[in-house]
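Asker: Here it is, the structure in full.
The values are calculated or read from the model by the stated rules, or taken from the named source; none is laboratory data. Everything numeric in this text was worked out from a predicted model, so none of it was measured. Note: ideal-geometry Cβ built from the backbone for every residue, glycine included; neighbour counts use all protein chains shown.
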Amino acid sequence: MTPGVRPLIAGNWKMHGSLSEARALAGAVAEGKVQGAELLVCPPFPYLLPVQGALAGSTVALGAQDCHAAAKGAHTGDISAPMLKDCGAGFVILGHSERRADHGEDDAAVRAKAEAVLAEGLVPVVCVGESEAQRLSGEAEAVVAGQLAGSLPEGFAQAHGVVAYEPVWAIGTGRTPTEDDIAAMHARIRAELAARFGAAGGTLRILYGGSVKPGNAKAILALPHVDGALVGGASLVAADFLAIASAV
Ligand code: 13P
(Lines give C-alpha, C1' and ligand atoms only; values in the text may rest on other atoms or scores of the structure.)
Protein backbone atom coordinates (compact mmCIF):
# COMPACT_ATOMS: atom_id res chain seq x y z
CA MET A 1 0.00 0.00 0.00
CA THR A 2 1.18 3.51 -0.70
CA PRO A 3 0.87 5.73 2.40
CA GLY A 4 -1.99 8.23 2.17
CA VAL A 5 -3.55 6.57 -0.87
CA ARG A 6 -7.10 5.20 -0.59
CA PRO A 7 -7.06 1.65 -1.92
CA LEU A 8 -9.36 0.64 -4.77
CA ILE A 9 -10.88 -2.82 -5.04
CA ALA A 10 -12.35 -3.22 -8.51
CA GLY A 11 -14.47 -6.05 -9.84
CA ASN A 12 -14.20 -6.82 -13.55
CA TRP A 13 -17.25 -8.94 -14.28
CA LYS A 14 -16.11 -9.54 -17.87
CA MET A 15 -18.82 -11.24 -20.02
CA HIS A 16 -20.50 -13.06 -17.15
CA GLY A 17 -23.92 -13.21 -15.58
CA SER A 18 -27.52 -12.43 -16.42
CA LEU A 19 -29.44 -9.25 -15.74
CA SER A 20 -30.96 -10.63 -12.57
CA GLU A 21 -27.58 -11.90 -11.39
CA ALA A 22 -25.98 -8.53 -12.09
CA ARG A 23 -28.64 -6.73 -10.07
CA ALA A 24 -28.33 -9.17 -7.18
CA LEU A 25 -24.53 -9.06 -7.17
CA ALA A 26 -24.45 -5.26 -7.21
CA GLY A 27 -27.04 -5.12 -4.45
CA ALA A 28 -25.04 -7.49 -2.27
CA VAL A 29 -21.82 -5.54 -2.85
CA ALA A 30 -23.62 -2.29 -2.04
CA GLU A 31 -24.79 -3.74 1.26
CA GLY A 32 -21.26 -4.81 2.19
CA LYS A 33 -20.42 -1.50 3.82
CA VAL A 34 -16.69 -2.02 3.50
CA GLN A 35 -14.52 0.51 5.31
CA GLY A 36 -11.03 1.43 4.28
CA ALA A 37 -11.25 0.83 0.54
CA GLU A 38 -13.11 2.32 -2.40
CA LEU A 39 -15.16 -0.30 -4.24
CA LEU A 40 -15.79 -0.38 -7.98
CA VAL A 41 -17.84 -2.80 -10.07
CA CYS A 42 -17.55 -3.04 -13.85
CA PRO A 43 -20.46 -4.96 -15.36
CA PRO A 44 -21.05 -5.73 -19.05
CA PHE A 45 -22.42 -2.74 -20.99
CA PRO A 46 -26.12 -3.77 -21.02
CA TYR A 47 -26.13 -4.01 -17.25
CA LEU A 48 -24.64 -0.59 -16.49
CA LEU A 49 -27.97 1.14 -15.92
CA PRO A 50 -29.62 -1.59 -13.84
CA VAL A 51 -26.44 -1.95 -11.79
CA GLN A 52 -26.38 1.81 -11.31
CA GLY A 53 -29.89 1.46 -9.91
CA ALA A 54 -28.86 -1.37 -7.60
CA LEU A 55 -25.94 0.72 -6.31
CA ALA A 56 -28.04 3.83 -5.67
CA GLY A 57 -27.43 5.27 -2.23
CA SER A 58 -24.21 3.31 -1.75
CA THR A 59 -20.62 4.47 -2.13
CA VAL A 60 -19.75 1.70 -4.61
CA ALA A 61 -18.56 3.18 -7.90
CA LEU A 62 -19.60 2.02 -11.36
CA GLY A 63 -17.26 1.39 -14.27
CA ALA A 64 -17.20 -0.02 -17.79
CA GLN A 65 -14.82 -2.51 -19.38
CA ASP A 66 -13.90 -0.65 -22.57
CA CYS A 67 -14.92 2.24 -24.81
CA HIS A 68 -14.31 3.58 -28.30
CA ALA A 69 -11.75 6.32 -28.90
CA ALA A 70 -14.28 8.55 -30.67
CA ALA A 71 -17.01 10.45 -28.85
CA LYS A 72 -19.59 9.53 -31.52
CA GLY A 73 -19.83 8.38 -35.10
CA ALA A 74 -20.43 5.49 -37.48
CA HIS A 75 -18.92 2.70 -35.38
CA THR A 76 -21.43 -0.13 -35.33
CA GLY A 77 -21.42 -2.07 -32.10
CA ASP A 78 -19.15 0.31 -30.22
CA ILE A 79 -19.80 2.41 -27.12
CA SER A 80 -18.42 5.89 -26.47
CA ALA A 81 -17.11 7.49 -23.30
CA PRO A 82 -19.94 10.08 -23.26
CA MET A 83 -22.46 7.20 -23.36
CA LEU A 84 -20.75 5.54 -20.42
CA LYS A 85 -20.77 8.78 -18.48
CA ASP A 86 -24.47 9.13 -19.28
CA CYS A 87 -25.06 5.71 -17.73
CA GLY A 88 -23.31 6.66 -14.52
CA ALA A 89 -19.87 5.16 -15.09
CA GLY A 90 -17.04 6.95 -13.32
CA PHE A 91 -14.27 4.59 -14.40
CA VAL A 92 -13.39 2.73 -17.61
CA ILE A 93 -11.08 -0.29 -17.77
CA LEU A 94 -8.86 -0.02 -20.86
CA GLY A 95 -6.29 -2.25 -22.50
CA HIS A 96 -7.20 -5.40 -20.61
CA SER A 97 -5.10 -8.25 -21.95
CA GLU A 98 -8.26 -9.99 -23.14
CA ARG A 99 -9.05 -6.98 -25.32
CA ARG A 100 -5.44 -6.72 -26.45
CA ALA A 101 -5.64 -10.42 -27.46
CA ASP A 102 -9.26 -10.69 -28.70
CA HIS A 103 -9.40 -7.35 -30.52
CA GLY A 104 -5.78 -6.64 -31.36
CA GLU A 105 -5.67 -3.48 -29.26
CA ASP A 106 -2.16 -2.08 -29.13
CA ASP A 107 -0.72 0.61 -26.89
CA ALA A 108 -1.64 3.40 -29.32
CA ALA A 109 -5.28 2.26 -29.39
CA VAL A 110 -5.38 2.08 -25.61
CA ARG A 111 -3.92 5.56 -25.34
CA ALA A 112 -6.52 6.96 -27.76
CA LYS A 113 -9.29 5.38 -25.70
CA ALA A 114 -7.78 6.75 -22.50
CA GLU A 115 -7.78 10.23 -24.05
CA ALA A 116 -11.48 9.82 -24.83
CA VAL A 117 -12.13 8.80 -21.23
CA LEU A 118 -10.19 11.77 -19.88
CA ALA A 119 -12.11 14.12 -22.16
CA GLU A 120 -15.30 13.10 -20.35
CA GLY A 121 -13.80 13.53 -16.90
CA LEU A 122 -13.90 9.78 -16.27
CA VAL A 123 -11.07 7.81 -14.70
CA PRO A 124 -9.17 5.35 -16.93
CA VAL A 125 -8.00 2.07 -15.41
CA VAL A 126 -5.21 1.10 -17.81
CA CYS A 127 -4.11 -2.54 -17.73
CA VAL A 128 -0.57 -3.70 -18.41
CA GLY A 129 1.17 -7.03 -17.94
CA GLU A 130 3.57 -9.49 -19.47
CA SER A 131 2.96 -12.90 -21.02
CA GLU A 132 4.43 -16.00 -19.47
CA ALA A 133 7.10 -16.21 -22.18
CA GLN A 134 8.11 -12.62 -21.48
CA ARG A 135 8.30 -13.34 -17.73
CA LEU A 136 10.43 -16.45 -18.31
CA SER A 137 12.83 -14.60 -20.59
CA GLY A 138 13.35 -11.84 -18.04
CA GLU A 139 11.61 -9.17 -20.10
CA ALA A 140 8.62 -8.58 -17.82
CA GLU A 141 9.62 -5.19 -16.42
CA ALA A 142 10.76 -3.85 -19.78
CA VAL A 143 7.52 -4.99 -21.43
CA VAL A 144 5.38 -3.31 -18.76
CA ALA A 145 7.45 -0.11 -18.90
CA GLY A 146 6.92 -0.04 -22.67
CA GLN A 147 3.18 -0.56 -22.28
CA LEU A 148 3.00 2.30 -19.78
CA ALA A 149 4.95 4.63 -22.05
CA GLY A 150 2.69 3.80 -24.99
CA SER A 151 -0.70 3.53 -23.29
CA LEU A 152 -0.84 6.38 -20.78
CA PRO A 153 -1.89 9.75 -22.20
CA GLU A 154 -0.83 13.18 -21.03
CA GLY A 155 -3.28 14.27 -18.35
CA PHE A 156 -3.44 10.77 -16.87
CA ALA A 157 -2.04 11.89 -13.53
CA GLN A 158 -4.22 14.99 -13.18
CA ALA A 159 -7.25 12.75 -13.72
CA HIS A 160 -6.05 10.37 -10.98
CA GLY A 161 -5.76 7.57 -13.53
CA VAL A 162 -5.32 4.04 -12.26
CA VAL A 163 -2.80 1.46 -13.50
CA ALA A 164 -3.61 -2.24 -13.16
CA TYR A 165 -0.71 -4.69 -13.35
CA GLU A 166 -2.12 -7.98 -14.57
CA PRO A 167 0.38 -10.63 -15.64
CA VAL A 168 -1.42 -12.38 -18.50
CA TRP A 169 -0.44 -15.82 -17.23
CA ALA A 170 -1.99 -15.16 -13.80
CA ILE A 171 -5.45 -14.26 -15.13
CA GLY A 172 -8.02 -16.93 -14.39
CA THR A 173 -5.35 -19.56 -13.78
CA GLY A 174 -5.10 -19.65 -10.00
CA ARG A 175 -1.40 -18.85 -10.36
CA THR A 176 0.15 -15.62 -9.10
CA PRO A 177 3.67 -14.19 -9.19
CA THR A 178 5.66 -14.44 -5.99
CA GLU A 179 5.21 -11.61 -3.53
CA ASP A 180 8.75 -10.48 -4.36
CA ASP A 181 7.92 -10.39 -8.07
CA ILE A 182 4.70 -8.42 -7.49
CA ALA A 183 6.53 -5.96 -5.24
CA ALA A 184 9.36 -5.54 -7.76
CA MET A 185 6.97 -4.87 -10.63
CA HIS A 186 4.89 -2.40 -8.64
CA ALA A 187 8.07 -0.57 -7.60
CA ARG A 188 9.08 -0.39 -11.25
CA ILE A 189 5.65 0.91 -12.26
CA ARG A 190 5.83 3.53 -9.49
CA ALA A 191 9.24 4.62 -10.76
CA GLU A 192 7.93 4.90 -14.32
CA LEU A 193 4.93 6.96 -13.15
CA ALA A 194 7.12 9.26 -11.07
CA ALA A 195 9.57 9.74 -13.95
CA ARG A 196 6.76 10.63 -16.34
CA PHE A 197 4.37 12.58 -14.10
CA GLY A 198 6.56 13.83 -11.27
CA ALA A 199 5.13 14.07 -7.77
CA ALA A 200 1.61 13.29 -9.01
CA GLY A 201 2.87 9.93 -10.22
CA GLY A 202 3.83 9.06 -6.68
CA THR A 203 0.24 8.81 -5.49
CA LEU A 204 -1.52 7.24 -8.49
CA ARG A 205 -3.11 3.93 -7.60
CA ILE A 206 -1.43 0.79 -8.91
CA LEU A 207 -3.67 -2.27 -8.69
CA TYR A 208 -2.59 -5.90 -8.88
CA GLY A 209 -4.81 -8.28 -10.85
CA GLY A 210 -4.61 -11.99 -11.63
CA SER A 211 -6.13 -14.74 -9.48
CA VAL A 212 -6.76 -12.51 -6.47
CA LYS A 213 -8.86 -14.50 -3.99
CA PRO A 214 -9.88 -14.05 -0.35
CA GLY A 215 -7.04 -16.39 0.61
CA ASN A 216 -4.19 -14.42 -0.97
CA ALA A 217 -5.59 -10.88 -0.86
CA LYS A 218 -4.17 -9.86 2.51
CA ALA A 219 -0.59 -10.75 1.60
CA ILE A 220 -0.79 -9.13 -1.85
CA LEU A 221 -2.49 -5.96 -0.62
CA ALA A 222 0.13 -5.52 2.09
CA LEU A 223 2.95 -5.19 -0.46
CA PRO A 224 4.49 -1.76 -1.10
CA HIS A 225 2.92 0.13 -4.04
CA VAL A 226 0.01 -2.32 -4.26
CA ASP A 227 -2.88 0.11 -3.88
CA GLY A 228 -5.72 -2.28 -4.49
CA ALA A 229 -6.81 -5.12 -6.75
CA LEU A 230 -8.54 -5.72 -10.06
CA VAL A 231 -10.52 -8.88 -9.45
CA GLY A 232 -12.07 -11.12 -12.10
CA GLY A 233 -13.57 -14.46 -11.08
CA ALA A 234 -13.78 -13.74 -7.36
CA SER A 235 -15.69 -10.50 -8.03
CA LEU A 236 -18.65 -12.57 -9.25
CA VAL A 237 -19.28 -13.86 -5.73
CA ALA A 238 -20.26 -10.98 -3.45
CA ALA A 239 -18.91 -12.62 -0.31
CA ASP A 240 -15.52 -13.24 -1.94
CA PHE A 241 -15.30 -9.73 -3.37
CA LEU A 242 -16.19 -8.21 -0.01
CA ALA A 243 -13.71 -10.47 1.76
CA ILE A 244 -10.97 -9.24 -0.59
CA ALA A 245 -11.99 -5.63 0.08
CA SER A 246 -11.96 -6.27 3.80
CA ALA A 247 -8.38 -7.60 3.55
CA VAL A 248 -7.07 -4.10 2.85
P1 13P B 1 -9.07 -13.31 -12.37
O2 13P B 1 -9.22 -12.63 -11.03
O3 13P B 1 -10.25 -14.18 -12.72
O4 13P B 1 -7.76 -14.00 -12.49
O5 13P B 1 -9.10 -12.15 -13.48
C6 13P B 1 -8.26 -11.06 -13.31
C7 13P B 1 -8.62 -10.05 -14.32
O8 13P B 1 -8.43 -10.23 -15.51
C9 13P B 1 -9.26 -8.82 -13.85
O10 13P B 1 -9.30 -7.85 -14.85
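Asker: Within segment 188-203, restricting attention to residues that are within 20 Å of Gly146 (Cα to Cα) and in contact (Cβ under 8 Å) with a residue 60 or more places away in the chain, which residue is surrounded by the most Cβ atoms within 10 Å (Cβ to Cβ)?
Answerer: Here the answer is Ile189.
Asker: Could you list, in sequence order, all residues of segment 121-147 that are away from the ligand (no atom under 16 Å from the Cβ) and surrounded by fewer than 20 Cβ atoms within 10 Å (Cβ to Cβ)?
Answerer: Gly121, Ala133, Gln134, Leu136, Ser137, Gly138, Glu139, Glu141, Ala142, Val143, Ala145, Gly146
Asker: State which residue pairs qualify: first residue assigned to a loop (DSSP other than H, G, I, E, B) and inside segment 219-248, second residue basic (Lys, Arg) and more than 14 Å from the ligand (Cβ to nearest atom) in any location, beta carbons under 7 Å apart, and separation of 6 or more residues or different chains.
Answerer: Here the result reads His225/Arg190; Asp227/Arg205; Ala247/Lys218, each pair linking segment 219-248 to a residue that is basic (Lys, Arg) and more than 14 Å from the ligand (Cβ to nearest atom).
Asker: Working carefully through the options Lys113, Lys85, find the one that is among the basic types (Lys, Arg), touching a residue at least 40 places away in the same chain (Cβ under 8 Å) and assigned to a helix (DSSP H, G or I).
Answerer: Lys113
Asker: Take the residues in segment 202-216 that are within 11 Å of the ligand (Cβ to nearest atom) and within 14 Å of the chain's Cα centre (by Cα), then tell me which one is farthest from Thr176 (Cα to Cα).
Answerer: Applying the filter and picking the extreme gives Leu207.
Asker: Right, something else. Can you tell me which residue within segment 222-237, out of those that are more than 9 Å from the ligand (Cβ to nearest atom) and crowded, with 20+ Cβ neighbours inside 10 Å, is nearest to the chain's Cα centre (by Cα)?
Answerer: My answer is Gly228.
Asker: Continuing with the same structure: Take the residues in segment 116-136 that are part of a loop (DSSP other than H, G, I, E, B) and touching a helix residue (DSSP H, G or I) at 6+ places or on another chain (Cβ under 7 Å), then tell me which one is nearest to Leu40 (Cα to Cα).
Answerer: Here the residue is Leu122.
Asker: Just checking, does segment 92-104 include any residue being hydrophobic (A, V, I, L, M, F, W, C), within 14 Å of the ligand (Cβ to nearest atom) and touching a helix residue (DSSP H, G or I) at 6+ places or on another chain (Cβ under 6 Å)?
Answerer: Checking segment 92-104: at least one residue is hydrophobic (A, V, I, L, M, F, W, C), within 14 Å of the ligand (Cβ to nearest atom) and touching a helix residue (DSSP H, G or I) at 6+ places or on another chain (Cβ under 6 Å).
Asker: Given the residues Gly4, Gly88, which is the only one that is modelled with pLDDT under 95 and either surrounded by fewer than 18 Cβ atoms within 10 Å (Cβ to Cβ) or closer than 18 Å to Leu230 by Cβ (or both)?
Answerer: Gly4
Asker: I'd like the residue in segment 1-15 that is more than 10 Å from the ligand (Cβ to nearest atom) and in a loop (DSSP other than H, G, I, E, B) and, out of all such residues, is farthest from Thr59 (Cα to Cα).
Answerer: Filtering segment 1-15 for residues that are more than 10 Å from the ligand (Cβ to nearest atom) and in a loop (DSSP other than H, G, I, E, B), the one farthest from Thr59 (Cα to Cα) comes out as Met15.
Asker: Quick check on this structure: which one of Glu141, Glu192, Glu154 is in a loop (DSSP other than H, G, I, E, B) and either in contact with a Pro (Cβ under 6 Å, 6 or more places away or on another chain) or of a type in the set (Asp, Glu) (or both)?
Answerer: None of the others qualify; the one that does is Glu154.
Asker: Check off (1) free of Cβ contacts under 8 Å to residues at least 60 places away in the same chain; (2) not in a loop (DSSP other than H, G, I, E, B) for Thr173 and give me the number that stays unchecked.
Answerer: In the conditions (1) free of Cβ contacts under 8 Å to residues at least 60 places away in the same chain; (2) not in a loop (DSSP other than H, G, I, E, B), Thr173 misses (2) alone.
Asker: Which of the residues belonging to segment 71-85 are of a type in the set (Gly, Ala, Ser) and surrounded by fewer than 18 Cβ atoms within 10 Å (Cβ to Cβ)?
Answerer: Passing the criteria: Ala71, Gly73, Ala74, Gly77.
Asker: For Ala114, all conditions in the list (1) more than 14 Å from the ligand (Cβ to nearest atom); (2) out of contact with any Phe, Trp or Tyr (no Cβ under 9 Å at 6 or more places or on another chain); (3) closer than 22 Å to Ala145 by Cα hold save one; what is the number of the exception?
Answerer: (2)
Asker: Read through the list (1) more than 16 Å from the ligand (Cβ to nearest atom); (2) surrounded by fewer than 22 Cβ atoms within 10 Å (Cβ to Cβ), then give the number of the only condition that Ala219 fails.
Answerer: For Ala219, the exception is condition (1).
Asker: Six or more apart or on different chains, Cβ atoms under 8 Å: show the pairs whose first residue is in segment 64-78 and more than 12 Å from Ala112 (Cα to Cα) and whose second is polar (S, T, N, Q) and assigned to a loop (DSSP other than H, G, I, E, B).
Answerer: Filtered contacts from segment 64-78: Lys72/Ser80.
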